[in-house]
Structures are given as C-alpha cells and as structure tokens.
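The values are calculated or read from the model by the stated rules, or taken from the named source; none is laboratory data. Only a predicted model underlies this, so the values are computations on that prediction, with no experimental measurement involved. With ideal geometry, Cβ positions are generated from the backbone for all residues, glycine too; neighbour counts draw on all protein chains shown.
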Amino acid sequence: MKLENAWLPYGRYWSSPFARWQGTLAEEHSLVLAASCARRFLDEAKVPPEAIDGFALGVTVPQRQGFYGAPWVAGMAGLPHLDGPTISQACATSVATLAFAARAVELGERACFLAVTADRTSNGPHVYYPSRTGPGGKGVAEDPVLDSFGHDPFAKLSMTETAENVARAAGITREQQDEVALLRHAQYAKALENERAFQRRYLLPVEGKAGKKTWRLDADEGVHPATREGMAALKPVQDGGSVTYGAQTHPADGNAGLIVTTKERARALSKDDKLPVRLLSFGAARVDRGFMPQAPVPAARQALERAGIGVGDLVAVKTHNPFAVNDLYFARELGFPLERMNNFGCSLVYGHPQGPTGMRGVIEVVEELALAGGGYGLFSGCAAGDTAMAVVLGVG
C-alpha cells in the first residue's frame, strides 16, 4: 500500500549518541533514559503534550519493570494521557514501530503520533525459567542478549554464520569486505566535519548522574579507528571464514524517536515548512534459512514497488549493515553504487543498539535528502530470523 497521509515534521526527531558496549550508558535504564530524552525533545521543540494523541515504544532487550512498556514510558515523558503498544521485532523494531505509527495516522486513528525506540545491550538480563520437570527441579537459564546474538533457534546457527553463508553463495571475498568497511568509516568521518555539523542536526546529547558525579555524552562512543593495515591483520571470526570483527558492527546502547502526523500538522511543526517529509511505503521480507544479509533486498524491492518508484529515482540510501557482506550483496542485487550508500555513517561503524538503530538510519536519510535539496530516500535493514524491513520516504 502506498501511503497518502503520513508525514514527518522536518527536524522533529532525535537520536541519542550511541554508546559503546559496557560504556557510558551501561548502567542507565534504557526506558527511563528514553523517556527523559523524549520529554526534553518535546520541550525543546515546543510541542505541547496535548498535541500528541498516539504513542508506541520499540524495544528488544528486557529491562526492569519493562512489563509496563509504552504506557510507563509515555507517563515518564510527560504524556500520561496516552496508551500504546510495545513493539519488538529484533533489528527491524524501528521500522516496525514507524510502520505502526504511520498506519495509525494514515487510517485517521491518530493525528499526531510519537514513536520512541530504545535499547541497552550492555548488562543484559540473565533469565531463569523454572521447571519442575528438570533434573532435581532445576530450570533453564538464558542470557537474552548474548544467547540471541550467538544462536538462531530455527536456523540453528549464529548471525555471523548467516554472513558467511551469503559471502560464500555470492562470491564475496574478505578483501571486498575490508574495502567496504574502510569506505563506511570514511563516510562516517564526513559526519564529524565542522564540529559534527551533520550529526548536530538530529543528535540529542544525554546526561545523568553516577553517584555524586554527573556525566554527559555528546557524541558516539566506541567507534573503532580503521586502517587498511589494521583490517588486514584481523583474523576471521570463524575458522575458514571471511568475516572479521572489523567488517561487522558492535553492540551499543541508545534511543531515538520521531513524530508522525498529517501533512498539515507536519508543516506546522516542522523546523522548515519547505521540507515536508512524506512516508510513502513499507516493505517486509524473509529469505532462506540462514541467509539473513540477503533479506534487505526483497524488502527494499517491495517498498519501492509500493511507492511506485525505481532504484534509479533514489537520492539517498541507508542500510542497517551488521556485516559489510550486507552492503556488497545489496548493491550488487539492486544496482545501487556502494559509494553512494550510507553517506555520513551507518550501524557498521557507530554500533547497533537494536531497537533504535533503524530509526537513526531513517533520520539520517531525511537529513541527507534535506542537504541534497529533496528527493526520494530508502532505508532497509535485516533482522534476526532471516527477515528485513524497509521504508521509502520523500523530502520536498
């Protein structure tokens, strides 16, 4: 379905900096922090609470008292009049949450929707499932973060193995992966020029207290320096494989959010009413078992077909790329140049906090289109279970 009535007010969105694994945000409750950011965002944007009539929360990693989900976060954000669902779809959580908001506005069920996504992969919970049928009544334990990264219960392999499967099937080499990783680091460096001018268009610094000390995070934390020599020196993660730690993302912590509304309200709320942002369509796909990095391709094709445009119409393309393999396969299959994808950064470089990763990607697509003077943009990203989601939007 091509959307007609779902719009983003230009500039009315945020992403926190992404913090490294076990870094500055490792002790922060992701939902409490996201609510604080949402409240500050609404205050700074001068959006009155009563203007918001829809809310949804996207999160994948369980947090203490997270059972109360979206209503709790909305209440802490100064929106106690709102209900809403808590959405979890692994790495596609952001696009799933955005799609839910867009469809609610498209159908006229809501007029001004706030979608918030948050996760903390650091200090993940340790879960114990009691079972009286176990030996001596012993139950089963699980680490939802680490165990999920390392094993797909359906495909029976790790996420890294899915990248190896695609690399072998598509003839993608270790050297090609290294080159893409170096390219993505160079593109991210462009976002840091002029005192991070690009990132300051949407990045919301976060701050808090640790004991008697206060802390503040203004920029991404955990971006590893990348050199050709350093990349070449890394060993593959798996024996006989081609994927190294230098050519894949790293776990992170953070949050992001945005407003979805009607065209009229989008113009009224935008920083620049000459830059309305229209959500055109969404796509979703699932590929063969154990081939996760292939999934963004059919998801993107579906979204483009529903939007009624082709790859050649795209001005900006952003992907969630947990592996360099993702981008190599995507560019080859869609015919979109590798060097034109992921300008100003991507999750391969700045990390992957799960829930908010895709939302930051969508926001960066909007800002890239704004700098280009408008046009069509695409975000597509894979997710656990050999799936993916995509969204097409237009600026101007």
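Could you identify the single residue in 42, 33 that is of a type in the set (A, V, I, L, M, F, W, C), outside any loop (DSSP other than H, G, I, E, B) and within 18 Å of residue 357 (Cα to Cα)? Matching residue, one of 42, 33: 33.
In contact with an Asp or Glu (Cβ under 7 Å, 6 or more places away or on another chain), farther than 21 Å from residue 4 by Cα, surrounded by fewer than 21 Cβ atoms within 10 Å (Cβ to Cβ) and of a type in the set (A, V, I, L, M): is that true of residue 334 in this structure?
It is false that residue 334 is in contact with an Asp or Glu (Cβ under 7 Å, 6 or more places away or on another chain), farther than 21 Å from residue 4 by Cα, surrounded by fewer than 21 Cβ atoms within 10 Å (Cβ to Cβ) and of a type in the set (A, V, I, L, M).
Sub-8 Å Cβ pairs linking a first residue in region 351-370 that is without any contact (Cβ under 8 Å) to a residue 40 or more places away in the chain to a second residue that is surrounded by fewer than 24 Cβ atoms within 10 Å (Cβ to Cβ) and of a type outside the set (Gly, Ala, Ser), at least 6 apart or interchain, number zero. Inside region 365-395, can you point out the residues that are closer than 19 Å to residue 198 by Cα and not in a strand (DSSP E or B)? Within region 365-395, 365, 366, 367, 368, 369, 370, 371, 372, 373, 374 qualify. Only one of the numbered conditions (1) under 17 Å from the mean Cα position of the chain (by Cα); (2) outside the structural domain of residue 356 (by TED's automatic domain parsing) is violated by residue 263, and that is (1).
The residues in region 337-361 that are in a helix (DSSP H, G or I) and either in the same structural domain as residue 254 (by TED's automatic domain parsing) or crowded, with 24+ Cβ neighbours inside 10 Å (or both) can be counted, and the count is 9.
Residue count for region 348-365 satisfying the condition of being within 20 Å of residue 177 (Cβ to Cβ) and over 8 Å from the mean Cα position of the chain (by Cα): 4.
Table: residues versus (1) over 21 Å from residue 249 (Cα atoms); (2) among the hydroxyl-bearing types (Ser, Thr, Tyr); (3) in the same structural domain as residue 321 (by TED's automatic domain parsing).
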site: 152; (1), (2), (3): no, no, no
site: 164; (1), (2), (3): no, no, yes
site: 169; (1), (2), (3): yes, no, yes
site: 179; (1), (2), (3): no, no, yes
site: 184; (1), (2), (3): no, no, yes
site: 189; (1), (2), (3): no, no, yes
site: 212; (1), (2), (3): yes, no, no
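Listed here are the residues, each with its yes/no results for (1) buried (at least 24 other Cβ atoms within 10 Å of the Cβ); (2) touching a helix residue (DSSP H, G or I) at 6+ places or on another chain (Cβ under 9 Å); (3) modelled with pLDDT under 95; (4) in a helix (DSSP H, G or I).
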| site | (1), (2), (3), (4) |
| --- | --- |
| 75 | no, yes, no, yes |
| 82 | no, yes, no, no |
| 94 | yes, yes, no, yes |
| 97 | yes, yes, no, yes |
| 100 | no, no, no, yes |
| 115 | yes, yes, no, no |
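In region 3-19, the residues that are under 30 Å from residue 250 (Cα atoms) reach residues that are of a type in the set (Val, Ile, Thr) with C-beta atoms within less than 6 angstrom, at least six apart or across chains, in these pairs: 8/277; 10/277; 12/259; 13/363; 15/363; 16/206. Within region 20-32, being crowded, with 22+ Cβ neighbours inside 10 Å and either more than 15 Å from residue 219 (Cα to Cα) or free of Cβ contacts under 8 Å to residues at least 40 places away in the same chain (or both) holds for 28, 30, 31.
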